[in-house]
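One structure is given here, and the rest of the page talks about it.
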Amino acid sequence: MQFLAARPQVSITSVLDILLVAIIIYELLALIKGTRASLMLVGVGALALAVYLSELGELTTLNWLVSTFLPYTVFALIVIFAGELRLAVTRLGRKLTFGSSANPAAEAYDDIVLAANLFYQNQTGALMVIEREIGLRTYIESGVPLDARLSYDLLATIFRPSAPLHDGAVIIQKDRIAAAACFLPLSMNPVLSTQLGTRHRAGIGVTEETDAIAVIVSEETGSISLAVGGKIERELTIDQLRDRLGELLQRYVPPATLPTEMANGNAVLENEETEIPRSRAARSADARVNQESDV
């Protein structure tokens, strides 16, 4: 009875308090995971440990230094974590309003499929990274910022061999191209095939550290690959790529008639007898092919 009497009384308010603190800590860790802020958080932890050791060891000079600059650390943290704080407030606002941000149109992701089909035909190397929950701002800052609407024409222009931005990755945020010519971490997985070059290893590397999706087109063979979760799916067809993107992005991507390889200067379209509603990007691709054939 004395043992039971010594135990603290647990009330509903205490449980709710603990749950709220746990949720806040979890959301904070999930927010900074895979970003540059995670390393900064480690530095802040090391600084806090130094403060504790200085007080424990009665280090007078270090205590004076810490007590002098400690009031300014709050403002320094606000400046350092400004981007993360802004993103956290935005997510909190979306959850409180019980609304979700506008999903990108399926037509925008059909532009990726159309562009991959073009790169496959021309054997043009390309690396397109699609951001999901974990932010890719660290990698976006390593490239050339664009913040342009995602389109088939823009992707075809960026990865044209003579274009200055073709060497590197394009990072796609929802229905916009955030940046081009971005540098990505290379996968160091020893199990990967030796046939995979730098472009494929970069696509796998970014999916090992984040939940992004990487669409890779080989420059040597023109084959299409898709990397997600540190794993790569090779030799995909256009239809398989469209289906996989639809599954991973959890949205329906409508089928579109894709221009096939050039034959005698004219584009032979699949299923000529069947009338299928086509997206703006598909119509633009056909118009371009017709212009080239007329010339």
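What follows is calculated from the coordinates using simple rules that are stated; it is not laboratory data. Because the structure is predicted, anything quoted here is derived from the model rather than measured. Glycine also receives a Cβ, built like all others from the backbone with ideal geometry; neighbour counts cover every protein chain displayed.
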Per-residue Cβ neighbour rank within 10 angstrom, fewest leading, Ile12, Ile158, Ile171 = Ile12, Ile158, Ile171
Using r as the Cβ-Cβ distance of Phe69 and Glu208, and R0 as 30 Å, what FRET efficiency do you calculate, to the nearest 0.05?
-> 0.20
Just grab the label-to-label distance for Thr194 and Ala48, each label 7 Å out from Cα along the Cβ direction, in nm (one decimal).
-> 4.8 nm
Cβ crowding within 10 Å averaged over residues, with 184-193, 143-152 ranked highest first = 143-152, 184-193
Starting with the fewest neighbours, write out Tyr139, Tyr120, Tyr52 ranked by other beta-carbon atoms found within 10 Å of each beta-carbon.
-> Tyr52, Tyr120, Tyr139
Would you mind getting me the FRET efficiency between Gln9 and Ser162? Use the beta-carbon distance for r and R0 = 51 Å, nearest 0.05.
-> 0.10
Rounded to 0.05, the calculated FRET efficiency for the beta carbons of Ile23 and Glu141 at R₀ = 22 Å is 0.15
Extended-chain gain in nm, criterion 0.36 nm per residue less alpha-carbon gap, Leu186 and Glu55 = 42.9 nm
